[in-house]
Structures are given as C-alpha cells and as structure tokens.
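What follows is a set of notes on a single structure, which appears directly below.
The values are calculated or read from the model by the stated rules, or taken from the named source; none is laboratory data. Computed from a predicted model, the values in this text were never measured in an experiment. With ideal geometry, Cβ positions are generated from the backbone for all residues, glycine too; neighbour counts draw on all protein chains shown.
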Amino acid sequence: MGISIGSAGLVDQARRRLPAYDPESARANDFLGRRLEPDSTPPFAARSFSIKLCAMASRRLPPLHAVRAFEAAARHLSITRAADELNVTVGAVSRHVRALEARMGTALFLRGSRGLVLTSAGKTFADSAREALDRIADAADGLRLRRFRRLSVGVYGFFVSRFLLPIWPTLNAAYPELEIDLHTSSNPLDLLASRFDAVIAVSDGQPRAGLVTHSLMPIATVPVCAPAFMKNGPVDFASVPLLHARPRPDDWRRWLDHAQFADVPVQGGSSFESLGLTIEAAATGMGVAIAIDGLLAPDLARGTLVKAHPAVRPTRRQFVLEYEQRMADDPAVTAFVAWLNDARTGPSSHASATRSDGAPASGVRRKLLT
C-alpha cells in the first residue's frame, strides 16, 4: 500500500517521532514552532528541512524488538503472556519495555499487585505500535504474495484422493498464497514433466535426463477388502473374487507368489480402468483388491477397508516428484517441494533430491482437472 504525504505532513510526522528526552529534540521542536509557521519560510526551504529532519528522526526510531515486546505486553496486559507469544524470556520482555520507557521519557505501564495497566501515554503508543506492526506485516505478506505464480502439477488421480487431499489443509496453512492446478490422469504417458511445472509420477529409481527427482513414497502392495470379508477368519484367496486394475495386470500374480500362494489362480474376477476404482469396488464388498500400502491410511482410518493379509510385497518402484532442471529455483516449485517433504517426513527432516547429473538439487486454490 502506497502512502503519499505532503511537505507539511512530513514535518508533522517528524515532530511526532522526536524522542521527548533528547535535548536536540527539544531544540528542534522549538525551531519548528517558531520558524515553520504558515508562510513564514519559503516552500523549498520547508521541504528541504522536512526531508533532513525525517531522515534524522527515522534513525532515532525505537528498536523494533522493543516495540514488539511492548505491543504484545500491552495487548495481553501481561509480561508473561507476551514472553510466551514471542518465545523469549519474561526478563527479556521486561528489559525491552523498561528500555522503551526510558527512551520515551515516560511510563507506559502502571505496575501493581493486580498486574499491568496502561498509562494514557502507553495506550496511545500501543495503538500506534499495533497499527505500525500490522502495516509491516501486510507489506511483507504483499511481497510474499507476489513471489508465487500459479503452479501446474500432473499427478495420478488415486494419489490425489488418498494422499494429497487428506493433507491439503496443511498446504493452505503453510502457503495460503500458493495456487495449484492438479491435472489428474491414470495414464503415465500423460504425466510427463515437460507438460507441467512438476509431476508426481512412478519411477524405477533410474535418473531421467534433464529432471530433478524427489523421492516421495516407495510402492509396496497389499491385498485389501471390506471388513465383512474378514468376519469368518482369514480370507481364502482361492474362493473370493479377485478384483483387477487394468493398468497393473500383474499385481495379483506377483503378490500371491510373494505370499506363498503360488497355487491360487488369478483368472476371472472383475477388472477396472484404474487403481482407484478397483479400491472403491473392494470397499463396497465386491471382492479383494491389490492396493498400494502407503496410500491406504484414509481408508483404514475410516474403516471402509482392512488388509486381507499381513504380507506386503515391496517393489523397485516409487512415487517421485519430478520437474525440469530449469524449474529448480522457481519459488512456487520450491514451496511445493518443501511442503511435500514436511508432509511426508515432518518438518525436522527433508528428503534429498537429485538431478539427472547426480548433483543435489537446490533447495490455494485447488483445481482438479481431468
């Protein structure tokens, strides 16, 4: 937000900010009162003096940390609560407030057995300090808003519904100004990094030329079914309907072999065009499906699915976030990467990223498009 102030306003503003206890300030105030009466000084001289005086006054502004400490104490009428808010010690807040009072040359609080009470000067300064800090915060937010452009991300639909959407509120909280278009598909040929700012795809771990790759989640498979299938004990895979996802035709055979059910045939059973639909069919009780273990948390939490067997088959594949190297320093991409890493591992640790040359990578409105 821009502010335009004329020369007289600059003089008034400078006068208001002069510290009362400074002898030089008293002489300057006297000079202002006697010499800058209306029409008593040529306009150019008044403007020149006001600019110099404002520069001098700005150098004498109280320290920002002291103002923040006082404003918090004034808002809470408590040194202790102000210290908690600012994550500093009670002694630090007390020292800042007393230093500010000494600088102002007047008491800002009355201290008694019942706690703090603002003096008249303290209330006036608290209101002004709060407004000034709000303006600084708004200005910083405005700059932050301009950092990001709209980000297009290609991703598998079932990854969105079972991983991204449940944690999306944390993205809105961390980066409320970041706008993302999610383009969903079940076809890996649709999810090429060259078509989007970034993609969440499946990788076999081999570097891809010109791309930065972040590991997100290993792919391991496990059978799932509606809870009713488990009422009478363990699932008999030879007698229940096996549901198939057409993009992953070998999932059942590989899992059965891994779990020592090599004699169970996989022929027959309904098939579906996507893994997501297959899982939904299993939840309705149509049969047992093979799911990706890392994407089951929402279904297990809701109780719509249970694991039909404890055996989990690891694979060599994993979900990755990929983008072209030219996007590595893009602020929107960097923010999205940081959020995904925090969501996956927690804010205390971040997954490493690699470029295709082996070097480490440099460190809402939601819109689903099909």
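What tally of residues in segment 259-288 results from selecting those that are over 21 Å from residue 230 (Cα atoms) and not hydrophobic (A, V, I, L, M, F, W, C)? Summing the residues that are over 21 Å from residue 230 (Cα atoms) and not hydrophobic (A, V, I, L, M, F, W, C) in segment 259-288 gives 7.
Pairing each residue of segment 131-146 that is more than 14 Å from residue 175 (Cα to Cα) and modelled with pLDDT of 75 or more with any residue that is loosely packed, with under 11 Cβ neighbours inside 10 Å and not β-branched (Val, Ile, Thr), provided the two are 6+ apart or on different chains, yields C-beta distances under 9 Å for 135/1; 138/1; 139/1.
When you check residue 264 against the structure, is it surrounded by 19 or more Cβ atoms within 10 Å (Cβ to Cβ) and not in a helix (DSSP H, G or I), yes or no? Spell out how you get there, then give the answer.
Numbers: surrounded by 19 or more Cβ atoms within 10 Å (Cβ to Cβ): no; not in a helix (DSSP H, G or I): yes.
The answer is no for residue 264.
Of the residues making up segment 278-314, those that are surrounded by 15 or more Cβ atoms within 10 Å (Cβ to Cβ) and assigned to a strand (DSSP E or B) are 288, 289, 290, 291, 292, 306, 307, 313.
Of the residues that make up segment 175-192, is at least one under 15 Å from residue 331 (Cα atoms) and of a type in the set (Gly, Ala, Ser)? Looking for residues that are under 15 Å from residue 331 (Cα atoms) and of a type in the set (Gly, Ala, Ser), one finds none in segment 175-192, hence no.
How about segment 102-206: which strands (runs of 3 or more DSSP E) wholly inside it have at least 3 residues that are more than 30 Å from residue 248 (Cβ to Cβ) and outside the structural domain of residue 302 (by TED's automatic domain parsing)?
On the way: elements: 109-112, 115-118, 151-156, 180-185, 198-203.
In segment 102-206, 109-112, 115-118 are the strands (runs of 3 or more DSSP E) which contain 3 or more residues that are more than 30 Å from residue 248 (Cβ to Cβ) and outside the structural domain of residue 302 (by TED's automatic domain parsing).
Out of the residues in segment 243-261 that are touching a strand residue (DSSP E or B) at 6+ places or on another chain (Cβ under 9 Å) and in a loop (DSSP other than H, G, I, E, B), which is surrounded by the fewest Cβ atoms within 10 Å (Cβ to Cβ)? That would be 249. State whether the residues of segment 344-360 include one that is buried (at least 18 other Cβ atoms within 10 Å of the Cβ) and either at pLDDT 75 or above or under 20 Å from residue 161 (Cβ atoms) (or both). Taking every residue of segment 344-360 in turn, at least one turns out to be buried (at least 18 other Cβ atoms within 10 Å of the Cβ) and either at pLDDT 75 or above or under 20 Å from residue 161 (Cβ atoms) (or both).
Any idea how many residues of segment 185-200 are crowded, with 20+ Cβ neighbours inside 10 Å and either in contact with a helix residue (DSSP H, G or I) (Cβ under 7 Å, 6 or more places away or on another chain) or farther than 23 Å from residue 149 by Cα (or both)?
Going residue by residue through segment 185-200, those that are crowded, with 20+ Cβ neighbours inside 10 Å are 191, 193, 196-200.
Checking which are either in contact with a helix residue (DSSP H, G or I) (Cβ under 7 Å, 6 or more places away or on another chain) or farther than 23 Å from residue 149 by Cα (or both) leaves us with 197-200.
Residues flagged as crowded, with 20+ Cβ neighbours inside 10 Å and either in contact with a helix residue (DSSP H, G or I) (Cβ under 7 Å, 6 or more places away or on another chain) or farther than 23 Å from residue 149 by Cα (or both) within segment 185-200 amount to 4.
Within segment 207-242, restricting attention to residues that are in contact with a His (Cβ under 8 Å, 6 or more places away or on another chain) and assigned to a strand (DSSP E or B), which residue is farthest from residue 328 (Cα to Cα)? Among those that are in contact with a His (Cβ under 8 Å, 6 or more places away or on another chain) and assigned to a strand (DSSP E or B), it is 223.
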